[in-house]
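The values are calculated or read from the model by the stated rules, or taken from the named source; none is laboratory data. Quick caveat: nothing in here was measured; it's all calculated off a predicted structure. Reconstructed Cβ throughout: ideal geometry from the backbone, glycine too, with neighbour counts over all protein chains shown. What goes into the accessible areas is simple: the full protein's heavy atoms, side chains included, and nothing from ligands, DNA or RNA. Shrake-Rupley method; radii C 1.70, N 1.55, O 1.52, S 1.80 Å.
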Amino acid sequence: MASIGQILLAGLSLGSVYALTALGFVLIYRATNVVNFAQGEFLMLGAYFLFTFVEGAKLNYGVAALIAIGMLGVLGLLFALGVYYPLRNRSFLPVIIATIGASIMFQNGALAIWGSSPERLRPVLEGGGSGGVTLGGVYFNYQYVIILAVTLVLMGFQYAFFEFTLLGKKTQAISQDKDMARLLGIPVTGMIALTFIYSTILGGLAGMLVAPIFFLQHNMGSIPGLKAFSASIIGGFGDVRGAIVGGLTLGVLESFGGAYISTVYKDAFAFLLLIIFLLVRPQGLFGEKVGEKA
Amino acid sequence: MRTATLKPVHWAILGGALAVALLPLLVTGRYNTNVLLLAGAWAIAALGLTVVLGYAGQISLAQASFFGIGAYAIGLGTVHYGLNWWLAFVLGLVAAVAGGIILGATTLKLGGHYLAMVTIGFQIIFSLVMTNWSAFSGGPDGITRIPRPPFFVPLNSAQRYAWFALAATLLVALAVHALRDSRLGRSMRAVRENEIAAEALGVDTLRVKVTAFAISAVLGAAGGSIYASGFLYIAPDTFDFGTSVQFLAMVLVGGRESVAGSVLGAGLLTFLPEWLRELKKIYLIVYGSIIVLVIVFMPEGLWGFVTLLSRSLARPSPVPPPRGALPMGRARPAGEPVLVIENLGKHFGGLKAVDGVSFTVRQGEVHALIGPNGSGKTTIINVISGLYAPSFGEITFLGRSVGGQRASRIARCGMTRTFQNLRLFRELTVWENVLVGAQRAGGDETAIRERAASAIEFMGLTSHVHNRAKNLPYGTQKRVEIARALAGVPELLLLDEPAAGLTQSEKEDLVEIVQQLHARGLTMLLVEHDMSLVSQLSHHITVINFGRKIAEGAPERVLAEPAVGEAYLGNREAARA
């Protein structure tokens, strides 16, 4: 039995992955009111892109990651143009379905390109899959540490971006009122495209971070994607803090649940928690209650 | 009037019966017959989604779990517990109804993507349990040697079973088609289009949504049962999230509101992999792109596209001519109190939108509620009609205390309303809009249709009956709202700013309509800004400002009161200071 510290560490790094993916959901939702069910597929694609350049092209890890991020950005732009833009004035239902359709397309595209047998990516730091250091009785796997560090840096970057840059303020303005933002001369379409690009990269980064821990498979993104969406609802949908706190909470709970309750039903915890939250406190931890006016 | 020509629905029955009879003969070979069986079973489950998604507008990504419940009921029931096939079948339907009611009940609080997520959670938990609880479900290996049902003759050959499965599909398709224009089906579509308006017209929206989920679950389970005995073997991975997405895709590709579309979609997505088999892996990419393309370019699916091309298929049934004058509510002695408001309050957090208002609406009068913008008039109407619960105070309608009750309950007591910002069922025709309104007063379908027809004639909408509400000009849409409210034969009609946005001549028509309704004895509560309209129409005025009543009485007296003038024009003393 692993120590509590060990479980906590694993939970936090898993939670970081959920948080990054959840942030992608939330940022897109805030800018466009669209729930992007293909967000989990960006995770899978990020992992495969990195795998291709590291293991296939034998590139340096950093270079490979940069190229992968660039490709994710292009993908995000194409996604915005191909799936979001044509449906931007339709109700939520066709948009949800279109993103589900896109997710089917991505999964099967990956299946066609990388095949169905699971692939393995070597960790960033050498020392096999078990490279790490023991501190105070807790074994710190390097990859977990990297996940936590990258997530922290990204969160800091994002906070600074939204709070201190004009571009960040513009993005926030769009999520408040698109028409008003347009009247004020903010290029709404361009900003939305930018949001898609950034969210795709976030999702892809989450995938690149877990790639050395998980097996790479075409469907590796769908369950983490759905869980990240659950996490963002638990945190309070549409709220950036909610996505981060919800993601971390879910990761830790899942880690402890898996260790102490049941490993096979580990995946069910997120959804049970989600259903309980939706019924008891649908606005989540940070969200505000909204009602339709007659 | 009877005609010798066959209606489209008769052609559909004939064509369907022919397909049921011929397909198992034409499609031969064990493998192909199995694909045919699969198409039938999937179509039945997809028709469940037609009800919940197409009619009621509620998203469900759990249909594969209901399909699984039906399949496991047969597998476990017959193989593990030795039950009779039909008993196991019924048990599966019962279990599915229970699950459907649970999912439907969550719509009380949730809609949109939250509902989507709850159904996904339900689906994933179902899959996990069926895969991991081996002692109960047989685990990932599933259940083998499932028997087929006895049905007059033994269904021991794949061909015979295919006849059985396809006949069941046809029956379900006809039933779901008949549901569409029934009272329940209309209520479902009204809920889809505008839940608040449906509720205010007396449709118990929660009950309608729960019923839609229950019907959908039953059809999912029925399809699953037929599937289990068709393939004689089931395993949990057939009933996973991916399959739920596939059901959704079938309905959307086919056309979510039409039965023919769902059957077409199910057939297409079952056979497509067989036809495209040379494409192998690419097939699934093509499949994903087809979904995206259909959604983007054919919002009503393939069948919607077909009906656009041949409009005769979509020709609506004729509307009966009205047989009598517009029916009115019960005759009561004039002046008897209809609606009594006592010390009514509605606070939103710290905002006191309505703060202790009292007034009485009496039988036969046109009572106007006026006040400057933001004075709380519309909030009062919303509290009276039950859309908001009052923070305090009493509302007595026809002798019954109705404060805090659901809007549909209050509407069923005899109160209907129109909305300041139109709340029509936009995708429904004028006829269907008014029919939903007419359902409030009860009676059989003939009575409902007659009431609707006379309300349409009264409001001068006869030439628009088959137009979709959203395609009408604004003034006409406002008239449809009044017709919809009138068709329910209210005892009290609430008109929330009926003149807002109307042209001068439309306003004159409105005055005439209200005067005619008054002459027929209808009691009305009118919220309005247009002072000339108010002074022409009303017998009694209540003036509201800052959530409180500032004046009340006969129009000429009230409009002359200085406090009223100040409320509208500003306080002269304050302005001078």
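Once each part is reduced to its C-alpha centroid, what is the distance from the stretch A:194-223 to the stretch B:445-508 in angstrom?
53
Would you mind computing, in nm to one decimal, how far apart the modelled labels at residue B:512 and residue B:13 are, each placed 7 Å from Cα along Cα→Cβ?
4.5
Please give the calculated 222 nm ellipticity per residue for chain B, where each DSSP H segment of at least 4 residues contributes -39500 (n - 2.57) and the sum is spread over every residue; nearest 500 deg cm²/dmol?
That comes out to -17500 deg cm²/dmol.
Any idea how far apart residue A:58 and residue A:177 come out in nm if each label point goes 7 Å out from Cα toward Cβ?
6.0
Roughly how many Å² of residue A:188 are accessible to a 1.4 Å probe, to the nearest 10?
In the full protein context, residue A:188 sits at about 10 Å².
So what's the back-of-envelope 222 nm ellipticity for chain A, counting only DSSP H runs of four-plus at -39500 (n - 2.57) apiece and dividing by all residues, rounded to 500?
Counting only the DSSP helices, I get -22500 deg cm²/dmol.
If I model a spin label at residue A:145 and residue B:332 as a point 7 Å from the Cα along the Cα→Cβ vector, what separation in nanometres do I get?
Simple spin-label model gives 8.0 nm for this pair.
Return the ratio Rg/(2.2 N^0.38 Å) for chain B, where Rg is computed over Cα atoms only.
Numbers: Rg = 28.3 Å, N = 577, 2.2 N^0.38 = 24.6 Å.
Compactness ratio reported: 1.15.
Run the accessible area of the protein assembly as shown with a 1.4 Å probe and give the carbon-and-sulfur part as a rounded percent.
Heavy-atom surface of the protein assembly as shown belonging to carbon and sulfur, 1.4 Å probe: 63 percent.
Would you jot down the residues in the stretch A:84-107 that end up with at least 40 Å² less accessible area in the complete protein assembly than in the chain alone, with a 1.4 Å probe?
At a threshold of 40 Å² (probe 1.4 Å), the residues of the stretch A:84-107 that become less exposed are A:90, A:92, A:93, A:97, A:100, A:104, A:105.
State the Cα centre-to-centre distance between the stretch B:11-47 and the stretch B:126-196 in whole Å.
15
What angle do you read, to the nearest 10 degrees and between 0 and 90, between the alpha-carbon axis of helix A:166-176 and the longest principal axis of chain A?
Its long axis makes an angle of about 70 degrees.
Per residue, how much accessible area does chain B have with a 1.4 Å probe, in Å²?
In whole numbers, chain B has 41 Å² accessible per residue.
Determine the alpha carbon to alpha carbon distance for each of B:109/B:346; A:227/B:109; B:209/B:346; A:178/B:352; B:209/B:377 and list only those over 27 Å.
Values: B:109/B:346 22 Å; A:227/B:109 21 Å; B:209/B:346 29 Å; A:178/B:352 30 Å; B:209/B:377 31 Å.
Where the Cα-Cα span goes over 27 Å, the pairs concerned are B:209/B:346; A:178/B:352; B:209/B:377.
Averaged over its residues, how many other protein chain Cβ atoms are within 10 Å of peptide A:272-283's Cβ atoms?
The mean count of partner-chain Cβ atoms within 10 Å per residue comes to 3.
Tell me which aspartates and glutamates have Cα within less than 14 Å of residue A:169's Cα, excluding those fewer than 8 residues away on the same chain?
A:177
Expected output is a single nm value to one decimal: the length gained when fully extending between residue A:260 and residue A:138, i.e. 0.36 nm times separation in residues minus the C-alpha distance. What is it?
42.1 nm
If you take the alpha carbon radius of gyration of the stretch B:167-223 and divide it by 2.2 N^0.38 Å, what ratio comes out, to two decimals?
My calculation over the Cα atoms of the stretch B:167-223 gives 1.22.
Provide a whole-number value for the mean count of partner chain Cβ atoms within 10 Å of the Cβ atoms in peptide B:110-119.
If you average over the peptide's residues, the count of other-chain Cβ atoms is 6.
Could I get the Rg over Rh figure for the stretch A:2-293? Both from C-alpha atoms, Rh via Kirkwood, rounded to two places. Walk me through the numbers before you get to the answer.
Values: Rg = 18.8 Å, Rh = 19.5 Å.
Rg divided by Rh gives 0.96.
Which whole-number percent gives the relative contact order of chain A, counting Cα pairs below 8 Å spaced six or more residues apart?
The value is 37 percent.
At a probe radius of 1.4 Å, figure out the B/A buried accessible area, summed over both chains, and give it in Å² to the nearest 100.
That pair of chains buries around 3700 Å² in total.
What are the semi-axes of the equivalent ellipsoid for the stretch B:8-241, taken as the square roots of 5 times the Cα gyration tensor eigenvalues, largest first, in whole Å?
Numbers: eigenvalues 182, 111, 35 Å².
Over the Cα atoms of the stretch B:8-241, the ellipsoid semi-axes are 30, 24, 13 Å.
Cα convex hull of the stretch B:449-499: mean projected area in nm², to one decimal?
Projected over every direction and averaged, the Cα hull of the stretch B:449-499 covers 3.7 nm².
In degrees between 0 and 90, to the nearest 10, how far off the longest principal axis of chain A does helix A:92-114 point, with axes built from Cα atoms?
With rounding to tens, the tilt is 40 degrees.
Helix A:39-51 versus the longest principal axis of chain A: what is the Cα-based angle in degrees, 0 to 90, to the nearest 10?
50
Across peptide A:260-268, what mean number of C-beta atoms from other chains lies inside 10 Å of a residue's C-beta? Walk me through the intermediate numbers first.
Values: counts 0, 0, 1, 1, 5, 5, 1, 5, 8.
The mean count of partner-chain Cβ atoms within 10 Å per residue comes to 3.
Roll a 1.4 Å probe over the protein heavy atoms and report the accessible area of residue B:392 in Å², nearest 10.
70
Arranged from highest to lowest average of other beta-carbon atoms within 10 Å per residue, in what order do the peptides A:136-145, B:257-266 appear?
Numbers: A:136-145: 15.9, B:257-266: 26.5.
Packing order, densest peptide first, comes out as B:257-266, A:136-145.
Relative contact order for chain B: what is it in percent, counting Cα pairs under 8 Å that are at least 6 residues apart?
Relative CO of chain B lands at 16 percent.
For the stretch B:337-576, give me the percentage of DSSP beta bridges that are antiparallel, rounded to the nearest 5 percent. Provide the component values of the computation, followed by the final result.
Numbers: 22 of 38 bridges.
Taking every DSSP beta bridge with both residues in the stretch B:337-576, the antiparallel ones total about 60 percent.
To the nearest 10 Å², what's residue B:352's accessible area with a 1.4 Å probe?
Residue B:352 exposes around 110 Å² with every protein chain in place.
Cα convex hull of the stretch B:337-576: mean projected area in nm², to one decimal?
Details: hull surface 54.0 nm².
If I average the Cα hull's projected area over directions, I get 13.5 nm².
Which peptide among A:163-173, A:274-284, B:557-567 comes first, and what is the full order, when sorted by highest mean count of other Cβ atoms within 10 Å?
Peptide ranking by packing, descending: A:274-284, B:557-567, A:163-173.
When you take every Cα atom in the stretch B:334-446, what is the radius of gyration, and what is Dmax, the widest Cα pair distance, in Å?
Rg, Dmax (Cα atoms, Å): 15.5, 50.
Taking Cα atoms of the protein assembly as shown, Rg/Rh with Kirkwood Rh, to two decimals?
So for the protein assembly as shown, dividing Rg by the Kirkwood Rh gives 1.01.
Sequence gap at least 6, Cα distance under 8 Å: using those rules, report the relative contact order of the stretch B:479-577 to the nearest whole percent.
20
Give me the percent of DSSP beta bridges within the protein assembly as shown that run antiparallel, rounded to the nearest 5.
65
For the modelled label position 7 Å from the Cα of residue B:232 along Cα-to-Cβ, which residues of the stretch B:140-166 have backbone nitrogen atoms closer than 11 Å?
B:145-148, B:156-158
Membrane-span-like helices in chain B: DSSP H runs reaching 24 Å or more (Cα, own axis), mean Kyte hydropathy at least -0.5?
Passing helices, by number: B:8-26, B:30-49, B:85-106, B:112-132, B:158-180, B:205-231, B:281-297.
How do the peptides B:121-129, B:515-523 rank, highest first, by the average count of neighbouring beta carbon atoms within 10 Å per residue?
B:121-129, B:515-523
So what is Rg over Rh here for the stretch B:469-540, counting just Cα atoms and using Kirkwood for Rh?
0.94
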